[in-house]
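Reading through the structure tokens given below for one structure.
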Amino acid sequence: MHQFLDYLNSDQSDSDLFVKNVLISLGLILIGFLFMKALGWFLPRLFKRDSTAQAFIRVTRLILILLISFFILSIWFTRVELFGVMIIIVVGFAALASKDIIVDLVAYIYIYVRSPLRIGSAIDINGVSGEVVDFDFLQINLAEIGKLTEKRSYTGRYVSVPNRWIFDHAVYNYNHDSPFVVVDVMVPVDFRENTEEVMKITARVAYEQYSKFMDKCDDESLEIFERKMESLGADKKPKIRIEVGNSAYKVFVEFFTSYDAIGQNKMLMQNALYQTFMNKGIEVPIIPVVKVEN
């Protein structure tokens, strides 16, 4: 008896108990894994609707994980220790779950203080484009818009993104303090054409179209826009450039337009250039369209 008590108090006893607990823990995990595999095979054959089977599997998996976790913890800890460990685990999960919520709340305060966006702002954030409908403590709610640098058309979808995105991603605001943005269009011109003549014609067409665009804007918006350009040291007039492409010259026109008429004004500018070049006998090669196989 004395020898047995000495054994219980020895390091050998602790080592054997540790190995035993490890084996039991691994056995419980293996049993749970095999049980879920069997359930995943059996339930789809038991229920006619796959959604019902999947819902049952999700609930069963959650219950099984909780039970196995409780049994494993009870093996390693006494009842008092187990209670403390459970509290620590619950608090830890709560802290992890609330981390994003806390960041969203901070981002909400930041939006109000710094105003990177407001109701009615047309923004692009993390690939999502839309007009801000409202924002709350957790989310920015958007009326989705097609890609703003190409067009501005509502898709009819309502998109909600977390406030914390403003800390993780760049926010492109298209109408923050003025309703104007810079866009450009390109028209190809044959290599045999006189580039100086092409530049003159392009400049004339660009200024004519640009003047028409500006005539449609209200005086107050134009005044704000002009002050903004002056403060940046930028020229609001259209800019023309020619680049050498693989099969033709690329004639670019860069111009300012109101953000809500991006698609329309790009189309008008490009069509005017094409029509004028054709009327002047300047050859505009056709760029082949590459078909993508589905």
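The values are calculated or read from the model by the stated rules, or taken from the named source; none is laboratory data. All figures in this text were calculated on a predicted structure; none of them were measured in a lab. Cβ coordinates were reconstructed from backbone atoms using ideal geometry, including for glycine residues, and neighbour counts include every protein chain displayed. In case anyone asks, the SASA skips ligands and DNA or RNA and just uses the protein heavy atoms, side chains included. Shrake-Rupley method; radii C 1.70, N 1.55, O 1.52, S 1.80 Å.
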request  = Kindly list the number of the only condition in (1) over 28 Å from residue 129 (Cβ atoms); (2) assigned to a helix (DSSP H, G or I) that fails for residue 246.
outcome  = (2)
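So for region 8-24 (the condition being out of contact with any strand residue (DSSP E or B) (no Cβ under 9 Å at 6 or more places or on another chain), among the charged types (D, E, K, R), modelled with pLDDT of 70 or more and open to solvent by 80 Å² or more (accessible area, probe 1.4 Å)), does at least one residue qualify? Before the answer, list the steps.
The first filter runs over region 8-24 and keeps only residues out of contact with any strand residue (DSSP E or B) (no Cβ under 9 Å at 6 or more places or on another chain), leaving 8-24.
From the residues that got through so far, the ones that are among the charged types (D, E, K, R) too are 11, 14, 16, 20.
Keeping just the survivors that are modelled with pLDDT of 70 or more gives 16, 20.
Next, from what is left, pick out any that are open to solvent by 80 Å² or more (accessible area, probe 1.4 Å): 20.
Yes, because at least one residue in region 8-24 is out of contact with any strand residue (DSSP E or B) (no Cβ under 9 Å at 6 or more places or on another chain), among the charged types (D, E, K, R), modelled with pLDDT of 70 or more and open to solvent by 80 Å² or more (accessible area, probe 1.4 Å).
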remark   = How many residues of region 19-48 are over 21 Å from residue 72 (Cβ atoms) and in contact (Cβ under 8 Å) with a residue 12 or more places away in the chain? The answer is 2
message = So for region 146-160 (the condition being part of a helix (DSSP H, G or I) and modelled with pLDDT of 85 or more), does at least one residue qualify?
response = no
query = Is it true that some residue in region 190-200 is open to solvent by 10 Å² or more (accessible area, probe 1.4 Å), touching a Phe, Trp or Tyr at 6+ places or on another chain (Cβ under 6 Å), modelled with pLDDT under 90 and outside any helix (DSSP H, G or I)?
reply = no
ask   = Where residues in region 201-237 are farther than 17 Å from residue 252 by Cβ and of a type in the set (S, T, N, Q), which of them is surrounded by the most Cβ atoms within 10 Å (Cβ to Cβ)?
value = 221
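Specify the residue that is most open to solvent (accessible area, probe 1.4 Å); the eligible residues are those in region 254-271 that are in contact with a Lys or Arg (Cβ under 6 Å, 6 or more places away or on another chain) and either closer than 14 Å to residue 208 by Cα or among the hydroxyl-bearing types (Ser, Thr, Tyr) (or both). Give the steps one after another, and end with the answer.
Residues of region 254-271 that are in contact with a Lys or Arg (Cβ under 6 Å, 6 or more places away or on another chain), as a first pass: 254, 256, 260, 262-263.
From what's left, either closer than 14 Å to residue 208 by Cα or among the hydroxyl-bearing types (Ser, Thr, Tyr) (or both): 254, 256.
Details: 254: 61, 256: 23 Å².
Of everything passing the filter in region 254-271, 254 is most open to solvent (accessible area, probe 1.4 Å).
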query = So residue 177 fits all but one of (1) of a type outside the set (Lys, Arg); (2) modelled with pLDDT under 80; (3) surrounded by 13 or more Cβ atoms within 10 Å (Cβ to Cβ); what number is the exception?
reply = (3)
key: residue 274 being open to solvent by 40 Å² or more (accessible area, probe 1.4 Å), out of contact with any Cys (no Cβ under 6 Å at 6 or more places or on another chain) and touching a residue at least 60 places away in the same chain (Cβ under 8 Å)   = yes
